[in-house]
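Undergrad: After the structure tokens below, expect a handful of questions from me.
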Amino acid sequence: MARSRSAMRAANAPVLTTCPYCGVGCGVRVDSVKTPVRGDEQHPANAGRLCVKGSALGETLGLDGRLLYPLRRDRAAPDALQRIDWNAALDEVAARFARTIAEHGPDSVAFYVSGQLLTEDYYVANKLMKGFIGSANIDTNSRLCMSSAVAGHKRAFGEDIVPGCYEDFELADLVVLVGSNTAWCHPVLYQRIVAEKERRPQMRIVVVDPRHTPTCDLADLHLPLAPGSDVALFNGLLAWLARHDAGDRDYVEAHTQGVDAALACAQATAGDLDALAARCELTRDKLETFYRWFAETEKTVTLFSQGVNQSRQGTDKVNAIINCHLYTGRVGKPGSGPFSMTGQPNAMGGREVGGLSNTLAAHLEFSDAQQRDCVSRFWNAPRLASTPGLKAVDLFDAMHAGHIKAVWIIATNPVVSLPDADRVREALRRCDFVVVSDVVASTDTSRHADLLLPAQAWGEKDGTVTNSERCISRQRAFRAAPGEAQPDWWVLAEVGKRLGHAGAFTYASAHEIFDEHARLSAFENDGERLFDLRGLVGLGAAAYDALAPIRWPVLQPGQGSDRLLGDGRFPMPDGRAAFVATEPQRPAHPVSAAFPLILNTGRVRDQWHTMTRTGTAPTLGAHLPEPFVDVHPGDALTQGVRDGALARVSTEWGSLVARVRCRTELRRGQIFVPIHWNDQFASDARVGALVNPVVDPISGEPEFKHTPARIEDFGFDWCGVLFTRGDIERTQLAWWARVQLAGVQRYEFAGRGAVADRGAWARAVLGIDDATPDWIEYRDEANGVYHAAAFREGRLHACLYIAPSSALPSRQWLAERFERARITGRDRLSLLAGAPVGAAADDGPLVCSCFRVGRNAIVRAIRERALKSPKEVTACLKAGGNCGSCVPEIRGLLADCALAEESS
Ligand code: SF4
């Protein structure tokens, strides 16, 4: 079995590692497993900062729900999982894959992997599938996140290159954030921009987003453009730059090609400002302000993220942005360039090793016979796949159609995250053999696994990741892996050996794999491929273990590269960057009478992906505890739904139930649902099931931001909240959502119909038998109100409240009752009343997760102490003083209080 070198460190020695969440890739310092993690002050990405997710990493280390041993499922008895040993599990994977390949060919099998994997895991998975199984059917969940950026980079630059680095955001005089709620999705980078804006208030920020997100807190200009009009907006910019002679003619002439066609297209499609303003649903004044700022600001960085990439025209959107940077010669210069922000911690690492089905490895391409030959010889792999494999959506379609008969899913949850996710679930049911490697035992995807393989988690595994600025950092182990969890690279290599390729998979450590990866990047590379790690070749195990963060390319030991392409030489056959003519298109599915709204999806501040990790951290569950749908108040009125009520959101592909939040931050006609909730945390909340499976024809990235939808009231007769230290019986609830607290579960729920005996019903739901003596209850049958609480050994064990509307006790106050070692008589009375009796006021729902400061506490402090700015709130309550992600919310509360005072 594999054991990492780092895991052997002294248990109390500080370990420098990296955060496993977003693409910022912050450095993390772990002093001991018993103390909270801290930001690594030496890491170039964050210089000691962490957002709330990173700060709460220590809360996610528990073993509850972990997959600890290989398990086999019999489809005839799906709930009866059988523990097997690793040898049996590995033999079975190899035998089933070998048999499928022998009977149906190599393209009948597939791997579906993840941007959560370490580069070394990714490398081995890719090598096994493309080099030795002989198929390119390996794709990654990064397909859903940044594959449009990859395709756009390749078209413009010739290689998948992010030219700049994070420092450019601090050097820029204009930062344009497109399709990115940076404040919530990349909080530490956002805080770097905030700090620079405070230092240089003249620095300008433009936010391009249909929603008014917390990121707009920082914006000098917000462009709430019509969904899907980004290509027109940037074509308009290109045409405007040309009309005003604001380009860099010398640069365009010397370093690019294709400008005439791109300009002609831009002029034809977006040259008329009035028509363009109408198309983007923006004022002409706003358009001109943006264009003028862009034209006159040499140091401009344009950050783009999922709002750009996740579209049927994502690649064109990327190129429309890059066109404007090429036209002004602003690529790869300090404080200047286009910048793709990746969602996941190792999306970039996956791109390096060929985790996408349409790339080979080390930025080598299928389309070039010489490059295929190069990889084949390097790996000594005579069966190297010769053509690209299936991209994620197509791959699961092929499985649904019976063409993919065996699949190995590693570190991802496609039944939640892919579009048309119910069809993905059905595809897995139809697939003959499903292997899932994961950290947790029960996910929406693992329910369909024939074999479950336990993987090492963050803090246990060892390797490297590459963040959005090309910075390679070590992820180091600081605790022993529990049970029989293994590194993913080891499991893949063992299967490779059993498939008859022992010589190619003899790795004894992650370090050996990294060395091979570095060697491949340098192999027959005379400078034509910019991805080059030759300066990291031959690192000894100790040097690898001690490797400090470094941005690629690394051509000399210890010398990384901050920026690329700034010299105007591009890895194209003619050395020139390419303009791409981008014709604006409408989203694939227009709204209709049946589906009159546009469903947009995205992340929230304190959760990550499908919540398998963040969902277990009590700190992170408090901010937004339920699945919700944001609706403009005007649409709520016309669609017959109310703020705070439950609604069913439906599309042609599926439906879910979520809490309605009326928000003027949305444009009329648009609704927003977060991507995180799934069957483990709510009865009916997988938004992937609703998303249309339309993809960009070039990148294969799905259109997550535009699905026609409708919304209607989800009628219920009563609703409630319960907290319990035990499990509950959920089948009697029409709807529920669960939040994990420290040793306690909180459920919001709703039900229909009359309940004859509330007491019996409550006991049944809470699993409390009649013999439990310490049970108190309050009934107001006439008003449909019921309260109950159960105690064990003097502590609160469970409590449950039902009311006909959502007028229920403060959740924060209830949660605090569970922190008490003993419940006094007065507390029992309060619990029965559902409100504190003569006690301190309730602090309200959490706003600042880092310091656990509630809304009511902030509002009280603003009023009582006449606080005027977020800084004063921080000085008074600490709120907003760590990661800063809640500062926009605090600013909103300050504005609300000021408004209330003015009108009183
Ligand atoms: S910004 Fe937050 S989630 Fe992203 S890497 Fe840094 S600490 Fe982790």
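Undergrad: Can you pull out the helices (runs of 4 or more DSSP H) entirely within segment 167-281 that have at least 3 residues that are not charged (D, E, K, R)?
TA: Numbers: elements: 167-171, 182-185, 187-199, 230-243, 249-255, 259-270, 273-280.
Answer list for segment 167-281: 182-185, 187-199, 230-243, 249-255, 259-270, 273-280.
Undergrad: Identify, please: which residue in segment 59-75 is touching a residue at least 24 places away in the same chain (Cβ under 8 Å) and outside any loop (DSSP other than H, G, I, E, B) and is, among those, farthest from the ligand (Cβ to nearest atom)?
TA: Taking segment 59-75 first, the residues touching a residue at least 24 places away in the same chain (Cβ under 8 Å) are 59-73, 75.
Next, from what is left, pick out any that are outside any loop (DSSP other than H, G, I, E, B): 59-60, 66, 71-73.
On the way: 59: 14, 60: 12, 66: 21, 71: 30, 72: 35, 73: 33 Å.
Going through the qualifying residues, I end up with 72.
Undergrad: Just checking, which of 844, 825, 834 is closer than 23 Å to residue 788 by Cα and in contact with a Lys or Arg (Cβ under 6 Å, 6 or more places away or on another chain)? Don't jump to the end; show me each part of the working.
TA: Working: 825 fails: in contact with a Lys or Arg (Cβ under 6 Å, 6 or more places away or on another chain); 834 fails: in contact with a Lys or Arg (Cβ under 6 Å, 6 or more places away or on another chain).
Selected residue: 844, the only one of 844, 825, 834 that is closer than 23 Å to residue 788 by Cα and in contact with a Lys or Arg (Cβ under 6 Å, 6 or more places away or on another chain).
Undergrad: Also, quick follow-up: I'm checking my understanding of the structure. Among residues of segment 136-161 that are surrounded by 24 or more Cβ atoms within 10 Å (Cβ to Cβ) and small (Gly, Ala, Ser), which one is nearest to residue 499 (Cα to Cα)?
TA: Among residues in segment 136-161 that are surrounded by 24 or more Cβ atoms within 10 Å (Cβ to Cβ) and small (Gly, Ala, Ser), the one nearest to residue 499 (Cα to Cα) is 136.
For every residue, the table says whether it meets (1) among the aliphatic types (A, V, I, L, M); (2) within 16 Å of the ligand (Cβ to nearest atom); (3) more than 28 Å from residue 340 (Cβ to Cβ).
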position: 459; (1), (2), (3): no, yes, yes
position: 462; (1), (2), (3): no, no, no
position: 466; (1), (2), (3): no, yes, no
position: 484; (1), (2), (3): no, no, yes
position: 488; (1), (2), (3): no, no, no
position: 491; (1), (2), (3): yes, no, yes
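Undergrad: Can you find a residue that is of a type outside the set (Asp, Glu), open to solvent by 30 Å² or more (accessible area, probe 1.4 Å), touching a Pro at 6+ places or on another chain (Cβ under 8 Å) and farther than 17 Å from residue 731 by Cα anywhere in segment 788-798? Explain how you work it out, then say what you get.
TA: At the first step, the residues of segment 788-798 found to be of a type outside the set (Asp, Glu) are 788-792, 794-798.
The next check asks that each one be open to solvent by 30 Å² or more (accessible area, probe 1.4 Å); those that pass are 792, 795.
Okay, now just the ones that are also touching a Pro at 6+ places or on another chain (Cβ under 8 Å), so none.
No.
Undergrad: Please enumerate the residues belonging to segment 701-710 that are within 23 Å of residue 632 (Cβ to Cβ) and crowded, with 24+ Cβ neighbours inside 10 Å.
TA: 704, 705, 706, 707, 709
Undergrad: Same structure again: Is it the case that residue 170 is open to solvent by 20 Å² or more (accessible area, probe 1.4 Å) and either among the aromatic types (Phe, Trp, Tyr) or in contact with a helix residue (DSSP H, G or I) (Cβ under 6 Å, 6 or more places away or on another chain) (or both)? Quick ask: steps written out before the conclusion?
TA: Details: open to solvent by 20 Å² or more (accessible area, probe 1.4 Å): yes; either among the aromatic types (Phe, Trp, Tyr) or in contact with a helix residue (DSSP H, G or I) (Cβ under 6 Å, 6 or more places away or on another chain) (or both): yes.
When the stated conditions are applied, residue 170 passes them.
Undergrad: Could you grab the pairs with beta carbons closer than 8 Å, sequence gap of 6+ or different chains, first residue in segment 85-105 and under 16 Å from residue 409 (Cβ atoms), second one among the small types (Gly, Ala, Ser)?
TA: 96/406; 97/406; 100/108; 100/406
Undergrad: Given 581, 588, 593, which one is in a loop (DSSP other than H, G, I, E, B), in contact with a Gly (Cβ under 8 Å, 6 or more places away or on another chain) and small (Gly, Ala, Ser)? Explain how you work it out, then say what you get.
TA: Details: 588 fails: in contact with a Gly (Cβ under 8 Å, 6 or more places away or on another chain); 593 fails: in contact with a Gly (Cβ under 8 Å, 6 or more places away or on another chain).
Only one candidate passes the filter, namely 581.
Undergrad: Hey, does segment 820-832 have a residue that's under 30 Å from residue 862 (Cα atoms) and within 37 Å of the chain's Cα centre (by Cα)?
TA: First, the residues of segment 820-832 that are under 30 Å from residue 862 (Cα atoms): 820, 827, 830-831.
From what's left, within 37 Å of the chain's Cα centre (by Cα): 820.
Within segment 820-832 (the criterion being under 30 Å from residue 862 (Cα atoms) and within 37 Å of the chain's Cα centre (by Cα)), the answer is yes, since at least one residue qualifies.
Undergrad: Quick one: which helices (runs of 4 or more DSSP H) lie wholly within segment 297-400 and hold at least 1 residues that are open to solvent by 10 Å² or more (accessible area, probe 1.4 Å), touching a residue at least 60 places away in the same chain (Cβ under 8 Å) and among the hydroxyl-bearing types (Ser, Thr, Tyr)?
TA: Values: elements: 306-309, 314-327, 347-353, 369-379, 392-400.
In segment 297-400, the matching helices (runs of 4 or more DSSP H) lie at 314-327, 369-379.
Undergrad: How many residues are over 25 Å from residue 827 (Cβ atoms) and open to solvent by 30 Å² or more (accessible area, probe 1.4 Å) when one looks only at segment 736-783?
TA: Going through segment 736-783 one residue at a time, the tally reaches 10.
Undergrad: Sort out which residues of segment 852-873 are open to solvent by 80 Å² or more (accessible area, probe 1.4 Å) and under 25 Å from residue 741 (Cα atoms), and write them in order of number.
TA: Answer for segment 852-873, where residues must be open to solvent by 80 Å² or more (accessible area, probe 1.4 Å) and under 25 Å from residue 741 (Cα atoms): 852, 855.
Okay, residues lined up against (1) closer than 21 Å to residue 309 by Cβ; (2) open to solvent by 10 Å² or more (accessible area, probe 1.4 Å); (3) of a type outside the set (Ser, Thr, Tyr):
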{"position": "647", "(1), (2), (3)": "no, no, yes"}
{"position": "652", "(1), (2), (3)": "no, yes, yes"}
{"position": "656", "(1), (2), (3)": "no, no, yes"}
{"position": "683", "(1), (2), (3)": "no, yes, no"}
{"position": "716", "(1), (2), (3)": "no, yes, yes"}
{"position": "721", "(1), (2), (3)": "no, no, yes"}
{"position": "728", "(1), (2), (3)": "no, yes, yes"}
{"position": "734", "(1), (2), (3)": "no, yes, yes"}
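Undergrad: If the requirement is being farther than 25 Å from residue 19 by Cβ and modelled with pLDDT of 95 or more, which of these qualifies: 173, 139, 160?
TA: Answer to the check: 173.
Undergrad: Would you check if residue 304 is under 27 Å from the mean Cα position of the chain (by Cα) and under 14 Å from residue 225 (Cβ atoms)?
TA: Working: under 27 Å from the mean Cα position of the chain (by Cα): yes; under 14 Å from residue 225 (Cβ atoms): yes.
When the stated conditions are applied, residue 304 passes them.
Undergrad: Mind checking whether some residue in segment 148-158 is touching a Lys or Arg at 6+ places or on another chain (Cβ under 7 Å) and either charged (D, E, K, R) or outside any helix (DSSP H, G or I) (or both)?
TA: The answer is no, given that none of the residues of segment 148-158 is touching a Lys or Arg at 6+ places or on another chain (Cβ under 7 Å) and either charged (D, E, K, R) or outside any helix (DSSP H, G or I) (or both).
Conditions tested, residue by residue: (1) in a strand (DSSP E or B); (2) out of contact with any Leu (no Cβ under 8 Å at 6 or more places or on another chain); (3) touching a residue at least 40 places away in the same chain (Cβ under 8 Å).
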| residue | (1), (2), (3) |
| --- | --- |
| 474 | yes, no, yes |
| 478 | no, yes, yes |
| 481 | no, yes, yes |
| 492 | no, no, yes |
| 503 | no, yes, yes |
| 521 | no, no, yes |
| 535 | no, no, no |
| 538 | no, yes, no |
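Undergrad: From 698, 598, 671, grab the single residue that is at pLDDT 95 or above, within 23 Å of the chain's Cα centre (by Cα) and surrounded by fewer than 24 Cβ atoms within 10 Å (Cβ to Cβ). Before the answer, list the steps.
TA: Details: 598 fails: surrounded by fewer than 24 Cβ atoms within 10 Å (Cβ to Cβ); 671 fails: surrounded by fewer than 24 Cβ atoms within 10 Å (Cβ to Cβ).
The match here is 698.
Undergrad: Being hydroxyl-bearing (Ser, Thr, Tyr) and in contact with an Asp or Glu (Cβ under 8 Å, 6 or more places away or on another chain) is the filter here; which residues of segment 556-597 pass it?
TA: At the first step, the residues of segment 556-597 found to be hydroxyl-bearing (Ser, Thr, Tyr) are 561, 582, 592.
Hit for segment 556-597 is 582, nothing else.
Undergrad: Next up: Please verify whether segment 514-528 includes one or more residues that are closer than 30 Å to residue 328 by Cβ and either of a type in the set (D, E, K, R) or out of contact with any Cys (no Cβ under 7 Å at 6 or more places or on another chain) (or both).
TA: Taking segment 514-528 as the starting set, the residues that turn out to be closer than 30 Å to residue 328 by Cβ are 527-528.
Checking which are either of a type in the set (D, E, K, R) or out of contact with any Cys (no Cβ under 7 Å at 6 or more places or on another chain) (or both) leaves us with 527-528.
Scanning segment 514-528, I find at least one residue that is closer than 30 Å to residue 328 by Cβ and either of a type in the set (D, E, K, R) or out of contact with any Cys (no Cβ under 7 Å at 6 or more places or on another chain) (or both), so the answer is yes.
Undergrad: Further question: Please verify whether residue 565 is in a loop (DSSP other than H, G, I, E, B), over 28 Å from the mean Cα position of the chain (by Cα) and modelled with pLDDT of 95 or more, treating the condition exactly as stated.
TA: Values: in a loop (DSSP other than H, G, I, E, B): yes; over 28 Å from the mean Cα position of the chain (by Cα): yes; modelled with pLDDT of 95 or more: yes.
For residue 565, the condition - in a loop (DSSP other than H, G, I, E, B), over 28 Å from the mean Cα position of the chain (by Cα) and modelled with pLDDT of 95 or more - is met.
Undergrad: Are any of the residues in segment 824-832 exposed (fewer than 12 other Cβ atoms within 10 Å of the Cβ), at pLDDT below 90 and closer than 30 Å to residue 779 by Cβ? Please lay out each step first, then the result.
TA: Step one: list which residues in segment 824-832 are exposed (fewer than 12 other Cβ atoms within 10 Å of the Cβ), which gives 824-825.
In the following step, the residues that additionally are at pLDDT below 90 were identified as 824-825.
Next cut, closer than 30 Å to residue 779 by Cβ only: 824-825.
The answer is yes; a qualifying residue exists.
Undergrad: Ok, one more. Checking residue 746 against (1) basic (Lys, Arg); (2) at pLDDT 95 or above; (3) outside any strand (DSSP E or B), only one condition comes out false. Which one?
TA: (3)
Undergrad: If I filter segment 30-53 down to residues being closer than 25 Å to residue 483 by Cα and not hydroxyl-bearing (Ser, Thr, Tyr), which single residue comes out as farthest from the ligand (Cβ to nearest atom)? Before the answer, list the steps.
TA: Of the residues in segment 30-53, the ones closer than 25 Å to residue 483 by Cα are 30-37.
Those still in the list that are not hydroxyl-bearing (Ser, Thr, Tyr) too: 30-31, 33-34, 36-37.
Values: 30: 13, 31: 17, 33: 18, 34: 20, 36: 13, 37: 9 Å.
It comes out as 34.
Undergrad: Additional query: Within segment 878-894, track down each residue that is assigned to a helix (DSSP H, G or I) and open to solvent by less than 50 Å² (accessible area, probe 1.4 Å).
TA: Matches in segment 878-894: 887, 888, 890, 892, 893, 894.
Undergrad: From the list 225, 177, exactly one residue is more than 16 Å from the ligand (Cβ to nearest atom) and in contact (Cβ under 8 Å) with a residue 24 or more places away in the chain. Which is it? Explain how you work it out, then say what you get.
TA: Values: 177 fails: more than 16 Å from the ligand (Cβ to nearest atom).
Going through 225, 177 in turn, just one is more than 16 Å from the ligand (Cβ to nearest atom) and in contact (Cβ under 8 Å) with a residue 24 or more places away in the chain: 225.
The values are calculated or read from the model by the stated rules, or taken from the named source; none is laboratory data. Owing to the predicted nature of the structure, the values given are computational and were not obtained by experimental measurement. Glycine also receives a Cβ, built like all others from the backbone with ideal geometry; neighbour counts cover every protein chain displayed. For the accessible areas, the whole protein counts, side chains as well, though only heavy atoms, and no ligand, DNA or RNA atoms are used. Shrake-Rupley method; radii C 1.70, N 1.55, O 1.52, S 1.80 Å.
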